[in-house]
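The values are calculated or read from the model by the stated rules, or taken from the named source; none is laboratory data. The structure displayed is predicted, hence computed values, not measured ones. When the accessible area is computed, the model is the full protein with side chains, heavy atoms only, and any ligands, DNA or RNA have been set aside. Shrake-Rupley method; radii C 1.70, N 1.55, O 1.52, S 1.80 Å.
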Amino acid sequence: MSTRSYRITLTAVGPVHIGTGEKMGGKDYFLHRDGVAVLNVPSFIEHLSPGQLDAYCSFLDGDSRTGLENFLQKAPEMRRIAEKCIAYEVDTRPTKARRGTYQYFEVAKCIKDAYGRPYVPGSSMKC
């Protein structure tokens, strides 16, 4: 059986989100360049020293309002590791609250192919 590829243009009639059902919180992403980077957690953990791993686990168990960006600002050596362990990046910035801190929202994950690129499954298209 052969596989065929087609290049098509889709026009969304309304807002579209084809999700996986999973959600990410502020502990999953951080500021990077002009956008937001989603951390590849298994890779990140693999590169941490035992002391860094303890600090990261304490962060995960801590205040849910504290985001990964806040944690990495206090740990520059871990930021360097995180910047090498990025799953993917999104061209957006988190919102800042009046007091100057970032607001971290829960974000619904979109469906991706084996290469990490978003796609629209054929079953989701309507004629």
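Given 0.36 nm per residue, what is the gain on full extension from Asp63 to Lys112 after removing their alpha carbon distance, in nm? Separation in residues times 0.36 nm, less the Cα-Cα distance, equals 14.6 nm. Annotation: extensible slack from Glu83 through His47 equals 11.8 nm (criterion: 0.36 nm per residue apart, minus Cα-Cα distance).
Per-residue surface analysis assigns Ile8 an accessible area of about 100 Å², computed on protein heavy atoms at 1.4 Å probe radius. Taking N as the residue count of the chain, its C-alpha radius of gyration divided by 2.2 N^0.38 Å amounts to 1.28.
For n ≥ 4 DSSP H runs only, could you compute -39500 (n - 2.57) per run for the chain, divide by its residues and tell me the 222 nm figure to the nearest 500?
-7000 deg cm²/dmol
Accessible surface calculations at 1.4 Å, restricted to protein heavy atoms, place the chain at 75 Å² per residue. Near the amide H of Ala87, within less than 5 Å, lie the amide hydrogens of Val38, Leu39, Asn40, all on another chain or at least 5 residues away, with H placed in the peptide plane. Rolling a 1.4 angstrom probe over the range 59-127 with all protein chains present gives an accessible area of which 50% lies on carbon and sulfur atoms.
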